[in-house]
């Protein structure tokens, strides 16, 4: 297994990724046609596709590649959004909603095609994902989703309780929705692979560079950084839930919640019956739960909230109790690492694309689905910056607005998630 970099790893994926960080240190002033701020899925996809279109593109990442939500992701390559397709159309209108549903319904195919084309070593599996029903009401919601996806021609199966138990390895769920378009990856490795591909296409990727300010400069922008100034014609902010106060309002446009994960030590063959086809899983609960195995046969479970008490405290007790309840025949397991990351939520659970100023754009609000929307929105940004039209973006440009009661809501969510860990660990 590869070694981590010299700084502290942010997740299991940071340690286990075979792909290496290909970024370099920036030394002195730079210039480019396009500057991308943020080295996650959106920024790296923008850089890759922009460089392939012949644009001179430069990426600035304050920490290291995948440091934000990308490297802390669950690694589920899902189709669509949180909302069922019919609800997306209801919110965006028939034409716009249908176009977004179609784009993101095909997104797993595109992600896996990039992985194949650029030979990204990110532990890809293409067995689908299972949306598991935590209750009878949850199963009714899945049936509604399944009916609409089938009408649209998607390869989805509504699983009975017995079928779900056979695939998942536990009878704890009331059924499930198997989406055969989807799959799993090591998300940090995917981010590093995108960076490698972007570099090979001609993009310059610098890490350890924090952007201090953005200001107009002639017909472009002056990007002041801790490593020197960068002049650019156009700028993309790809920082999403990890946005700071660089551009006023971006860091208040989302309600931030946390999502934590625990990974066991490699379990060998004794875990083979759990998700035996290697689907990734998440459930229909209001406080979502996720489950998957990695290439080394670790079991990785997670839920909304922060890690409390590290590997010995409340969250560890929650994880132990959850595994024991789901898989009583597995026996005791040892957790070797835990981490959490941020998710940026919008009031309507739909992403946004903001034009912050002439030539400055910010796609945000993936609501926990960073891999596919981040990849597709990055490609769309490259199309736009290389001469495309805003009318061809996946979503209409929307005004930047502060999320209602964001600080209060974030705090209330965190309290609810902590209470959930406490109740479920007893």
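The values are calculated or read from the model by the stated rules, or taken from the named source; none is laboratory data. Only a predicted model underlies this, so the values are computations on that prediction, with no experimental measurement involved. Because the Cβ atoms are built from the backbone with ideal geometry, glycine has one as well, and the counts that use them run over all protein chains shown.
Listing for the model above:
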| quantity | calculated |
| --- | --- |
| Hey, residue 241 out of contact with any strand residue (DSSP E or B) (no Cβ under 9 Å at 6 or more places or on another chain), in a helix (DSSP H, G or I) and surrounded by 15 or more Cβ atoms within 10 Å (Cβ to Cβ) or not | no |
| Residue match in region 75-82 (condition: surrounded by fewer than 19 Cβ atoms within 10 Å (Cβ to Cβ), assigned by TED's automatic domain parsing to the domain that holds residue 387 and closer than 28 Å to residue 106 by Cα) | no |
| Residue match in region 205-228 (condition: under 23 Å from residue 51 (Cβ atoms), within 18 Å of the chain's Cα centre (by Cα) and not in a loop (DSSP other than H, G, I, E, B)) | no |
| Among residues of region 247-273, those that are part of a loop (DSSP other than H, G, I, E, B) and without any contact (Cβ under 8 Å) to a residue 40 or more places away in the chain, counted | 3 |
| Conditions (1) more than 20 Å from residue 16 (Cβ to Cβ); (2) at pLDDT 95 or above; (3) surrounded by fewer than 23 Cβ atoms within 10 Å (Cβ to Cβ); number of the one not met by residue 118 | (1) |
| Unmet criterion (only one of (1) surrounded by 22 or more Cβ atoms within 10 Å (Cβ to Cβ); (2) touching a helix residue (DSSP H, G or I) at 6+ places or on another chain (Cβ under 6 Å); (3) part of a loop (DSSP other than H, G, I, E, B)) for residue 372 | (3) |
| Within region 165-209, considering residues that are more than 30 Å from residue 145 (Cβ to Cβ) and touching a helix residue (DSSP H, G or I) at 6+ places or on another chain (Cβ under 6 Å), the one surrounded by the fewest Cβ atoms within 10 Å (Cβ to Cβ) | 202 |
| Only one of 196, 151 that is more than 25 Å from the chain's Cα centre (by Cα) and modelled with pLDDT of 95 or more | 151 |
| Odd one out for residue 387, checked against (1) touching a helix residue (DSSP H, G or I) at 6+ places or on another chain (Cβ under 9 Å); (2) in a loop (DSSP other than H, G, I, E, B) | (1) |
| Filter result (loosely packed, with under 13 Cβ neighbours inside 10 Å and within 22 Å of residue 44 (Cβ to Cβ)) within region 213-235 | 226 |
| Residue match in region 334-352 (condition: surrounded by fewer than 17 Cβ atoms within 10 Å (Cβ to Cβ), in contact (Cβ under 8 Å) with a residue 12 or more places away in the chain and either more than 29 Å from residue 410 (Cβ to Cβ) or in contact with a strand residue (DSSP E or B) (Cβ under 7 Å, 6 or more places away or on another chain) (or both)) | yes |
| In region 309-366, the residues that are under 30 Å from residue 103 (Cα atoms) and out of contact with any helix residue (DSSP H, G or I) (no Cβ under 9 Å at 6 or more places or on another chain) | 346, 347, 352, 357, 358, 360 |
